[in-house]
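The values are calculated or read from the model by the stated rules, or taken from the named source; none is laboratory data. On a predicted model such as this, the values are computed, not experimentally measured, just so you know. Because the Cβ atoms are built from the backbone with ideal geometry, glycine has one as well, and the counts that use them run over all protein chains shown.
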Amino acid sequence: MATKGINNIQQALLHWFYANKRELPWRETKDPYLIWVSEIMLQQTKVDTVIPYYKAFIKEFPTINHLAEAKEERVLKRWEGLGYYSRAKNLHRGVKEVKESYMGEVPKDKETLLKIPGIGDYTAGAILSIAYQKEEPAIDGNVLRVITRIFRIFEDINKVSTKREVEGLVKELIPAEDPSAFNQGLMELGALICTPKSPKCGECPVQPFCESEKYNEQLFLPIKKKKKKIPNVYRISLIIADDKHILLTQRPKEGLLADLWELPSIEQEQPLSEEEWQLLIHQQFGEEIELGEKWGSLKHIFSHKKWLIEVYRANFSKMDISMMEKEKNKNKHQFNVIKRENLKELPFPRVYQEIIKEFRI
DNA sequence: AATCCGGGGAC
DNA sequence: GTCCCAGGATT
């Protein structure tokens, strides 16, 4: 089974990783804080997407102290467009916690790390192995795919029992010499060679040890239960603006797109006619707001719902926008009057970024 | 154990 | 367009 004198998985993987690893910004450091930031960003997110965000983020928040002292809105602004915004809020909270409770030093043991918001099993293992060279597994989706293929594990990878089984195997494999390279090697292999759809088994350093490849069953692994299909949500968004202002709302502090800003909007489970929308707009935003010219349509898919958005300009009578500023205090309106010159400071969901750009001054 | 959180890329 | 991908928190 040996090839070129390599007779175990560890050696094959390490050898391959040293020769083939990508040069990535977070691979230039061992700073546990920077490793932490990168691992949070890399959750559910591809490397190519993360790179520019990571660079901008650590430029503005180069140390734990910088991030701990930052305003949350600045942190969200740096996360704008990256998605899963609770990651940013938890990272911010977690860094403050490290500063206050651990004298600014990222903990070196798993139990303590797991208490920090946003750090779970995977991220704790990644920080410990990559920053501190601890022999801790870091099981992400790539590793689950690689290991279930190598060892031909036909159990649902979403089950806790399967993850425990994989964790046990990785613990046995992980070499004391370089746990960091081994864990990163497993993930890098999953990202570059052992890919979900078209694995490049001919180029795989671990191919001689891969059970599923022997039986040509790679494409059946890993096993996971499929999710159900997602409902449509019908949404109308309003452009209420003059030369210098635009009316916006800030989303709730928790839940979907938490704390981000957006156009004033109404949602329904069923599609409505223009007349029916108009009625809801009067109830929601006041009698002086009238549906105007249609600006266009937007669509946005989340994990479990799909937004179908119709964007309209609004006509407003009886008062101008600066009057609405005063009306706001009566709690009659559910929006804020924003100076268009300040739009660049506010974080928006991806789906609204293009349209907001049109109104920036 | 199941569901909630975005966005990008393959096809 | 449709499908696939994937950690942590919450329920």
Listed residues A:LEU76, A:LEU42; which is in contact (Cβ under 8 Å) with a residue 12 or more places away in the chain and crowded, with 18+ Cβ neighbours inside 10 Å?
A:LEU76
Any chance A:GLU290 is farther than 30 Å from A:ASN90 by Cα, surrounded by fewer than 12 Cβ atoms within 10 Å (Cβ to Cβ) and at pLDDT 90 or above:
no
Take the residues in the stretch A:205-235 that are away from DNA strand C (no atom under 12 Å from the Cβ) and in a loop (DSSP other than H, G, I, E, B), then tell me which one is farthest from the chain's Cα centre (by Cα).
A:TYR215
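Residue-by-condition table, conditions (1) at pLDDT 95 or above; (2) assigned by TED's automatic domain parsing to the domain that holds A:ILE64; (3) among the β-branched types (Val, Ile, Thr); (4) in contact with a strand residue (DSSP E or B) (Cβ under 9 Å, 6 or more places away or on another chain):
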{"site": "A:ARG87", "(1), (2), (3), (4)": "yes, yes, no, no"}
{"site": "A:VAL95", "(1), (2), (3), (4)": "yes, yes, yes, no"}
{"site": "A:LYS115", "(1), (2), (3), (4)": "yes, yes, no, no"}
{"site": "A:ALA126", "(1), (2), (3), (4)": "yes, yes, no, no"}
{"site": "A:ILE139", "(1), (2), (3), (4)": "yes, yes, yes, no"}
{"site": "A:VAL143", "(1), (2), (3), (4)": "yes, yes, yes, no"}
{"site": "A:ARG152", "(1), (2), (3), (4)": "no, yes, no, no"}
Test for A:THR249: is it within 16 Å of DNA strand B (Cβ to nearest atom), modelled with pLDDT of 90 or more, among the polar types (S, T, N, Q) and not in a loop (DSSP other than H, G, I, E, B):
yes
Given the condition surrounded by 16 or more Cβ atoms within 10 Å (Cβ to Cβ), modelled with pLDDT under 90 and on the phi > 0 side of the Ramachandran plot, answer yes or no: does some residue in the stretch A:330-339 qualify?
no
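Which one of these is surrounded by 13 or more Cβ atoms within 10 Å (Cβ to Cβ) and modelled with pLDDT under 95: A:ASN65, A:ASN20?
A:ASN20
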Across the stretch A:44-65, which residue is nearest to DNA strand C (Cβ to nearest atom) among those that are of a type outside the set (A, V, I, L, M, F, W, C) and closer than 24 Å to A:TRP261 by Cβ?
A:GLN44
Does A:LEU272 satisfy being of a type in the set (A, V, I, L, M) and either within 14 Å of DNA strand B (Cβ to nearest atom) or assigned to a loop (DSSP other than H, G, I, E, B) (or both)?
yes
Out of A:PRO62, A:PRO107, A:PRO117, I need the residue that is away from DNA strand B (no atom under 13 Å from the Cβ), touching a Lys or Arg at 6+ places or on another chain (Cβ under 6 Å) and either of a type outside the set (S, T, N, Q) or part of a helix (DSSP H, G or I) (or both). Which one?
A:PRO117
